[in-house]
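Every read-out reported here was derived from the displayed coordinates using simple, explicitly stated rules and does not represent laboratory data. In this text the structure is predicted, and so the values were computed from the model without any measurement. Positions of Cβ are backbone-derived with ideal geometry, glycine not excepted, and every protein chain shown enters the neighbour counts.
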Amino acid sequence: MEIPAIYQTIIGVVAGTLTAVSMLPQLIKLIKEKQADDISIPMLFVLMAGLAIWIFYGTLIKDVAVIVTNSLSLCINLLVTVFTFKYKKK
C-alpha cells in the first residue's frame with residue numbers, strides 16, 4: 001500500500017513541527033524560573049549539531065519541510081542554550 005504524496009508531506013510536517021516545538025516547555029521553564037543547573041550543555045551542542053546537519057540535508061534534497069522545521073528547532077535550541085548560559089550557576 002502506497003501513501004499518497006500529500007499525506008507523506010503532511011506526516012513529515014507534523015512530525016517535524018512536533019520535534020521542533022519539543023523544547024518549548026524547557027525554554028518557558030528556563031525563562032520563568034531563571035534556573036538552569038539541570039540542563040546539559042553538551043547535550044544541547046550535540047542536538048544543535050544534528051539539527052544543523054538536518055538543515056544541510058534538507059537543502060541537499062530540496063525539502064522545504066525538513067529545512068523549515070529543523071531551522072525552527074535550531075532557533076529554539078539556541079535560545080535554550082543562551083538562557084542556560086545566562087542562568088546556570090557558576
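Applying 0.36 nm per residue to the separation of residue 38 and residue 21 and subtracting their alpha-carbon distance, the gain on full extension is 4.1 nm. The loop-placed trypsin sites (Lys or Arg not before Pro) in segment 1-44, going by DSSP, that have at most 16 neighbouring Cβ atoms within 10 Å of their Cβ come out as 34.
For the chain, the 222 nm mean residue ellipticity estimated from helices alone, with every DSSP H stretch of n ≥ 4 adding -39500 (n - 2.57) and the total spread over all residues, rounds to -27000 deg cm²/dmol. Restricting attention to the chain, lysine pairs at least eight places apart or on different chains and with alpha-carbon atoms under 30 angstrom apart total 12. Span-like helix check, the chain: qualifying full DSSP H segments, with Cα axial length of 18 Å or more and mean Kyte-Doolittle of 0.0 or more, are 5-21, 41-61, 64-87. Checking every one of the trypsin sites (Lys or Arg not before Pro) in segment 51-88 against DSSP loop status and a limit of 10 other Cβ atoms within 10 Å picks out 62.
Relative contact order of segment 40-90, please, whole-number percent, based on alpha carbon pairs below 8 angstrom and at least 6 residues apart. Worked out over segment 40-90, it gives 38 percent.
Quick one: compute the contact order of the chain, relative version, from alpha carbon pairs under 8 angstrom and 6+ residues apart, as a percent. The normalised contact order for the chain reaches 45 percent.
Given that compact globular proteins tend to follow 2.2 N^0.38 Å, what is the ratio of the alpha-carbon Rg of the chain to that value?
Here the answer is 1.27, to two decimals.
Compute the whole-percent fraction of alpha carbon pairs in segment 40-90 spaced more than 14 Å apart. Counting every Cα pair in segment 40-90, those more than 14 Å apart make up 54 percent.
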